[in-house]
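Asks: Okay, here's the structure, questions in a sec.
None of the figures in this text is laboratory data; all of them are computed from the coordinates on show. Just so it is clear, the structure is predicted and the values come from calculations on it, not from any experiment. Don't worry about glycine lacking a Cβ; one is built from the backbone with ideal geometry, like all the others, and counts go over all protein chains shown.
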Amino acid sequence: MYSRRTEAAVRDRLRAAPAVVLLGARQIGKTTLALTLGASLGPDASVYLDLEALADREKLLPDPTSFLAANEHKLVILDEVQRMPELFAALRGLIDAGRRRGRTTGRFLLLGSASNVLLQQSESLAGRIAYVEMQGLDVLEVPATQHADLWARGGFPESLLASSAAASLNWRRDFIRTYLERDIPQLGPRIPATTLHRFWTMLAHVQGGLLNAAQLARGLDVDGKTIARYMDLMVDLMLVRRLMPFHVNAGKRLVRSPKVYVRDSGLVHALLGIPDRDALFGHPVQGDSWEGFVIENLLGATPPLTVPAFYRTAVGAEIDLFLDIPGHGRWAIEVKYGTGSRPAKGFFIACGDVKPDRRFLVNSGTERYPIGQGVEVIGLPELAAMLVAIGAETPPEVHAAAS
C-alpha cells in the first residue's frame, strides 16, 4: 500500500484538538488510514466503530455517552459519523468534561463522506474540532512509473491497484452504481439514479468547462433550481469540484461562471466509457482530463489558506489555475499535456491583467526550464512538491486556522 500524506496532517490535528473530522469521498482510503493510525498508538489505545454496521450502532444506543466515557483514554474512531447526527451533542459534553480533567486533545477521529452534512452537524463543536480533507492518491504518493495509470484509472486505491485495466474499469463502474443506487438516496430526497447518472456523465463530457446550468437543465428536462441541487449534492460528496473565477478590476468583461470538474480522472473515463490509456489518447476529452488531473493534484498539495481560482475574459484571455498563496504571492498556472507545448497567447494577456508573481506551464514531462516572459516549464510532481514544501514551512497556528 501507499503512504498517505494525509496521515501526518491528521496526527498534527489530533495533537492540537480534541476531535478531528476526516472528510473524503467513499473508498478514498479514510478507514484504512484511521485504522493504521489507531494501530500505531499501541494495543488497546484506540477503538473503532463503523456506524453503518448495526452491531456498532447498537453499542451507542440508547445512551452514547456511557460507551464513549468508558473509552475516555482511547482514541475513538467513528466511521460514517453523519449516520448518527445525535452523537455531536454527546461529544460536546464529553469534550468539555474531559477538558476540565486535563484531557484536551486526541480523543475523537470522525470519518465522513458528505462534507456539508458533517459541517452542519458539527457546528455545535465549534472551537473543539479540526477538519482534514483526504483526496485520492496523487503523484507524490505513487511511484513515477505508475503516474500514467494514476491518470487513467484515478486516485481511488482499489481502482489503481486493480489487476488489469478491465478490472479497474469494472470497479469504477460498480462504484458509480453503488453511489447512485445506495449512498445518495440515504442522504436526502430521492433522486432517480438514471437522472443523476446522466447528469454526472454530462459533467464528464464538459470536464473543465464553464457551468452552464441552462444547457444541463434542457438536457435533463428539469429546471435550473434542480440542476443547482444536483450540483450541490455532487460537490458535497466530494465527487465534483467547482473552481470559482478570479475577479480583478482590469476594465474587461470577465467570465463569472465557475468551472466544473469531476474530481477523479478515473471516474471521468469510466463515465465516458474510456477503457484504458490507449483509448484515452484518442479521445477528445484527453486534454481536459489532463487539466482536471493536474488541478486536482495541485489543489491537494496547496498550503493552508491558499485561494484557488481561474481567470478568463469574455475574449479568451485565460489562466487555467490561479493560486493566491499567503506569503508567496500569486501563481499563474497553464496546463498542457505535450512536452513541447507553449502557453497560448491568452495566457500572457491574462497575466498582464492580474500580474502574477510566478508563472508556470505544467506539462507531462519531468524537466524544468524557463521559456521567456517569466514562464517556467515544470512537471506536475515537482510543482506539487514545491507547494507541499511551502505548506511544511507554515506555522501550526495557520494550519489550525485553515481547518
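Asks: For the chain, set up a GNM with springs between Cα atoms under 10 Å and report which of 360, 293, 281 has the largest fluctuation.
Replies: Fluctuation is largest for 281.
Asks: Give me the net charge for the shell around residue 170: Cβ to Cβ below 12 angstrom, other residues only, Lys and Arg +1, Asp and Glu -1.
Replies: Details: positive: 153, 172, 173, 177; negative: 158, 174.
Within the 12 Å Cβ shell, the charges total +2.
Asks: Right, next: So what is the diffusion coefficient of segment 149-307 in µm² per second by Stokes-Einstein at 37 °C and 0.692 mPa s, using a Kirkwood Rh over Cα pairs?
Replies: Details: Rh = 16.6 Å.
Here the translational diffusion coefficient equals 197 µm²/s.
Asks: Next question. At R0 = 41 Å, how high is the FRET efficiency between residue 197 and residue 99 if r is their beta carbon distance? Nearest 0.05 is fine.
Replies: On the way: r = 47 Å, r/R0 = 1.14.
After rounding, the FRET efficiency stands at 0.30.
Asks: While we're here: At 0.36 nm per residue, and after removing the present C-alpha to C-alpha distance, how many nm does the segment from residue 119 to residue 40 gain when stretched out fully? Present the calculation step by step, with values, prior to reporting the outcome.
Replies: Details: separation 79, 0.36 × 79 = 28.44 nm, distance 2.79 nm.
Working it through step by step, the gained length comes to 25.6 nm.
Asks: Compute the helix-to-body angle for 286-299: its Cα long axis versus the longest principal axis of the chain, expressed 0 to 90° and rounded to tens.
Replies: Tilt relative to the chain: about 50 degrees.
Asks: Also: Could you check which residue among 64, 370, 43 shows the biggest mean-square fluctuation in a GNM of the chain with a 10 Å Cα cutoff?
Replies: With Cα springs under 10 Å in the chain, the top fluctuation among 64, 370, 43 is at 43.
Asks: Evaluate the distance, in nm, between pseudo-label points positioned 7 Å from the Cα of residue 247 and of residue 71 along their respective Cα→Cβ axes.
Replies: The modelled label-to-label distance comes out at 4.7 nm.
Asks: In terms of the Cα gyration tensor, with a ≥ b ≥ c the square roots of its eigenvalues, is segment 301-403 rounded because a/c is under 1.5, prolate because a/b exceeds b/c, or oblate? It would help to have the intermediate numbers written out before the result.
Replies: Values: a/c = 2.38, a/b = 1.44, b/c = 1.65.
Oblate.
Asks: Sorted by mean Cβ packing within 10 Å, highest first, what order do the peptides 234-243, 33-42 take?
Replies: On the way: 234-243: 19.4, 33-42: 15.5.
Order by mean packing, descending: 234-243, 33-42.
Asks: Based on the Cα atoms of the chain, what semi-axes does the equivalent ellipsoid have, where each is the square root of 5 times one gyration tensor eigenvalue, given in whole Å with the largest first? Let's see the in-between values first.
Replies: On the way: eigenvalues 268, 125, 89 Å².
For the chain, the semi-axes come out at 37, 25, 21 Å.
Asks: Hey, can you grab everything whose amide H is under 5 Å from the amide H of residue 209? Only 5+ residues off in sequence or another chain; H modelled, so Pro and N-termini drop out.
Replies: Excluding prolines and chain starts, which carry no amide H, the hits are 260.
Asks: Moving to a separate point now. At 222 nm, what value in deg cm²/dmol follows for the chain if DSSP H runs of at least 4 each add -39500 (n - 2.57) and the sum is divided by all its residues, to the nearest 500?
Replies: Numbers: 18 runs with 171 residues, N = 403.
One gets -12000 deg cm²/dmol as the mean residue ellipticity at 222 nm.
Asks: OK, next. Order by neighbour count: 336, 30, 252, fewest other Cβ atoms within 10 Å first, most last. Working shown, then result.
Replies: Numbers: 336 21, 30 25, 252 13.
Ascending number of Cβ neighbours within 10 Å: 252, 336, 30.
Asks: Compute the long axis of helix 380-392 from its Cα atoms, compare it with the longest principal axis of the Cα atoms of the chain, and write down the angle in degrees, 0 to 90, nearest 10.
Replies: With both axes taken from Cα atoms, the answer is about 50 degrees.
Asks: Any chance you could give the angle, 0 to 90 degrees and rounded to 10, that helix 345-354 forms with the longest Cα principal axis of the chain?
Replies: Helix 345-354 sits roughly 60 degrees off the main axis of the chain.
Asks: Report the calculated FRET efficiency for residue 305 and residue 278 (r = Cβ-Cβ distance, R0 = 45 Å), to the nearest 0.05. Don't skip to the answer; put the middle values down first.
Replies: Working: r = 41 Å, r/R0 = 0.91.
Calculated value: 0.65.
Asks: Choose one answer from 24, 300, 346: the residue with the largest mean-square fluctuation in a GNM of the chain with alpha-carbon springs under 10 Å.
Replies: 346
Asks: Which shape class, rounded, prolate or oblate, goes with segment 6-134 when its Cα gyration tensor gives a ≥ b ≥ c as root eigenvalues, a/c under 1.5 marks rounded, and past that a/b bigger than b/c marks prolate? Walk me through the numbers on the way to the answer.
Replies: Details: a/c = 1.18, a/b = 1.08, b/c = 1.08.
Rounded, because the longest to shortest axis ratio a/c is under 1.5.
Asks: With a 10 Å Cβ neighbour count serving as the proxy for reagent exposure, in which order, fewest first, do 131, 369 appear? Can you show the working numbers first?
Replies: Values: 131 18, 369 8.
If I rank by nearby Cβ atoms, fewest first, I get 369, 131.
Asks: Still on this structure: Note the count of lysine pairs whose C-alpha atoms are less than 26 angstrom apart in the chain, limited to pairs 8 or more residues apart or on different chains.
Replies: 13
Asks: Further question on the same structure: Taking neighbour counts of Cβ atoms within 10 Å as a proxy for exposure, in what order, fewest first, do 190, 177, 342 appear? Display every interim value, and only then the final one.
Replies: On the way: 190 7, 177 12, 342 15.
Ascending number of Cβ neighbours within 10 Å: 190, 177, 342.
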